[in-house]
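Chemist: What follows is a single structure, and I will ask about it in a moment.
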Amino acid sequence: MGTSGMPAPAASGSWRESTARLLWHAHPARPGPEYAFLRESEWWPHERLVDLQLAALRQLVGAADRVPFHHERFAAARIRADDLRTIDDLARLPILERDDLVRLGVEGMRTPGSWGLRARSSGSLGKPVEFLWPLSQMRWLDAGEARARSWFGSGIGERRVEVRCRPVGPAQAISAAILNTSALHAPSVADPAVLHRLARSIERRPPSMVWGVSNTLYAVALALLDHGTRVRVGSCVSGGNHLHPHYRHAMEEAFGCRVFERYATMETGVVAHECPEAGSLHVPAEGLIVEIVAPDGTPVAAGETGDVLVTALRNRATPLIRYRVGDRAIAPPRPQCACGRGLPVFGAVAGRSNDFLRASTGARIGPRQVVDAVRPGLDGSVVDIQVVQDSQSRLLARVVQRASPRQEADRARIAAILHDLVRPPVPPRVERVERIDLTPGGKLRTIVSQMADRA
Ligand SMILES: [Zn+2]
């Protein structure tokens with residue numbers, strides 16, 4: 001870890017901070033009471049949190065029972081809200097697939113008489129899904145975000161820079177600015193002029209927090225370091241994509257602070273974020289239940305990889321119960337954290353379910369394995385990498401490289417590494433590129449697999 005996470009001195013921002021704090025509390029949609037609740041409940045014993053979850057789950061299942069789609073499935077599984085006696089009974093409920101959401105749409109998913117803001121996922125996994133976010137859900141999510149930021153030393157109203165997956169139009173930019181936050185859309189950082197402006201603004205006025213998609217924050221960090229600049233921001237929070245070691249290292253160097261990891265989905269909000277004391281990922285359990293399961297829906301053992309299921313306890317407008325979000329994760333060695341908080345520990349994100357290379361042995365090679373073997377970063381020529389496996393299992397690696405006499409040798413090394421990992425039918429091709437295209441949400445996908453199977 002780098003230097004301590006002390007917030008940067010807020011020399012110029014004090015009137016902005018006071019105004020932002022005032023507006024945060026005054027706004028009718030701002031979650032003052034929920035926030036106060038969460039600051040207490042994070043220290044509750046685990047059992048008390050489980051009781052809270054069970055009560056919320058019963059209400060959620062009761063609401064879902066009024067949706068014909070859920071009602072039929074609950075009837076088939078012979079379970080109703082009143083049958084949920086312990087939190088383990090959750091496992092009796094059927095798993096909700098992404099395809100169900102796509103097929104049913106908002107109209108087929110919504111609880112009669114409910115309303116909310118219409119939100120949609122980015123569609124990086126195929127067809128986008130739509131769902132409703134009721135006001136109550138938004139308040140809990142906002143409160144959870146504010147609590148997470150407070151763990152990382154960024155108080156309400158302190159200046160932040162956010163590089164978001166979601167588009168930032170004029171309305172979003174203004175509402176962010178009111179809260180003393182500069183927001184921009186992650187894909188825009190691929191434009192060198194935007195990147196340059198962002199790096200200069202962070203240098204001029206270091207914020208209490210830089211938050212955003214990991215690969216875009218890496219790009220910002222490199223822009224600063226290439227310029228010979230190191231700044232001192234309060235903390236850095238990475239989300240939206242893997243926090244690879246080379247990303248983390250460059251951010252620590254450039255921003256002069258600790259880098260924390262955050263894992264969220266568009267449909268459910270934050271699923272887990274790092275603990276400032278112990279480094280594990282905590283689930284904000286007051287609003288979510290997270291499971292990591294084998295294909296048959298039973299929990300995987302500690303250290304094993306499974307599918308992530310999320311139950312969003314605060315969204316009764318379009319209930320998401322045991323929703324398979326499309327990510328895989330490794331179950332934690334222990335369910336509790338050393339920090340003393342009762343909030344459960346998540347484990348580690350392994351990647352999107354289809355972001356794996358398939359080796360000739362049948363093994364799945366994840367993004368972390370590829371990065372650990374290739375070791376891109378501040379040393380050597382390799383800045384970043386993307387590996388594409390086509391339907392015939394042939395490999396193409398795209399690498400961004402800085403000027404170095406080792407360029408060619410590094411490409412040959414990468415070809416050898418990929419060949420050893422995957423044993424493809426023909427030798428891997430390694431191409432130098434100026435930049436790697438980002439997804440519509442601004443993510444750099446380290447692995448793109450066109451192999452159809454999903455065992
Ligand atoms: Zn902890």
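Chemist: Under a point spin-label approximation (7 Å from Cα along Cα-to-Cβ), what is the residue 166-residue 76 distance to one decimal in nm?
Modeler: In this crude spin-label approximation the distance works out to 3.3 nm.
Chemist: Could you check the spin-label model distance between residue 59 and residue 173? Points 7 Å from the Cα along Cα→Cβ, value in nm.
Modeler: Distance between the two pseudo-spin positions: 3.9 nm.
Chemist: Give me the extension gain from residue 404 to residue 359: residue separation times 0.36 nm, minus the current Cα-Cα distance, reported in nm with one decimal.
Modeler: Working: separation 45, 0.36 × 45 = 16.20 nm, distance 3.11 nm.
Separation in residues times 0.36 nm, less the Cα-Cα distance, equals 13.1 nm.
Chemist: What number in nm² do you get for the stretch 29-145 if you take the convex hull of its Cα atoms and divide its surface by four? Before the final figure, lay out each step's value.
Modeler: Numbers: hull surface 34.0 nm².
Value for the stretch 29-145: 8.5 nm².
Chemist: Now a separate question. Kindly give Rg over Rh for the stretch 357-454, based on alpha-carbon atoms, with the Kirkwood expression for the hydrodynamic radius. It would help to have the intermediate numbers written out before the result.
Modeler: Details: Rg = 13.0 Å, Rh = 13.7 Å.
Ratio of gyration radius to Kirkwood radius for the stretch 357-454: 0.95.
Chemist: Take the Cα radius of gyration of the chain and divide it by 2.2 N^0.38 Å, with N its residue count; two decimals is plenty.
Modeler: Cα-based Rg divided by the globular estimate yields 0.99.
Chemist: Same structure, new question: How far, in nm, would the chain grow between residue 83 and residue 135 when pulled straight, counting 0.36 nm per residue and subtracting the alpha carbon separation?
Modeler: The residue 83-residue 135 span can extend by a further 15.9 nm.
Chemist: Exposed loop sites here are trypsin sites (Lys or Arg not before Pro) in DSSP loop states with at most 15 other C-beta atoms within 10 Å. What is the longest stretch of the chain lacking them?
Modeler: On the way: sites that count: 66, 78, 80, 85, 230, 232, 402, 406, 435, 454.
Counting only loop sites that pass the neighbour cut-off, the longest clear stretch is 233-401.
Chemist: What 222 nm value per residue comes from the helices of the chain, counting each DSSP H run with n ≥ 4 as -39,500 (n - 2.57) and dividing by all residues, nearest 500 deg cm²/dmol?
Modeler: Rounded to the nearest 500, the figure is -10500 deg cm²/dmol.
Chemist: In nm, give the distance between the simple-model label positions of residue 388 and residue 92, each being 7 Å from the Cα along the Cα-to-Cβ direction.
Modeler: 4.9
Chemist: A follow-up question, please. So for 268, 181, fewest C-beta neighbours within 10 Å to most, what's the order?
Modeler: By the 10 Å Cβ count, ascending: 181, 268.
Chemist: Given q = 0.10, 0.15, 0.19 Å⁻¹, what are the Debye log10 I(q)/I(0) values for the stretch 168-286, with equal point scatterers placed on the Cα positions and solvent ignored?
Modeler: -0.30, -0.69, -1.10
Chemist: Shifting gears a bit: Please give the contour-minus-distance gain from residue 46 to residue 379: 0.36 nm per residue of separation, less the Cα-Cα distance, rounded to one decimal in nm.
Modeler: 115.5 nm
Chemist: Related question: Quick one: grab the alpha carbon gyration tensor of the stretch 283-366, order the square roots of its eigenvalues as a ≥ b ≥ c, and give me rounded if a/c is under 1.5, else prolate or oblate depending on whether a/b is larger than b/c.
Modeler: Verdict is oblate for the stretch 283-366.
Chemist: Specify whether the C-alpha gyration tensor of the stretch 102-141 places it in the rounded, prolate or oblate class, a ≥ b ≥ c being the square roots of the eigenvalues: rounded for a/c under 1.5, otherwise prolate if a/b is larger than b/c and oblate if not.
Modeler: Verdict is oblate for the stretch 102-141.
Chemist: Here is a further query. Would you work out which of 300, 237, 271 lies farthest towards the positive end of the dipole of the chain, given +1 charges on the beta-carbon of Lys and Arg and -1 on that of Asp and Glu, about the Cα centre?
Modeler: The residue sitting farthest along the positive end of the dipole is 237.
Every read-out reported here was derived from the displayed coordinates using simple, explicitly stated rules and does not represent laboratory data. Fair warning: this is a prediction, and the values are worked out from it, not measured in the lab. Note: ideal-geometry Cβ built from the backbone for every residue, glycine included; neighbour counts use all protein chains shown.
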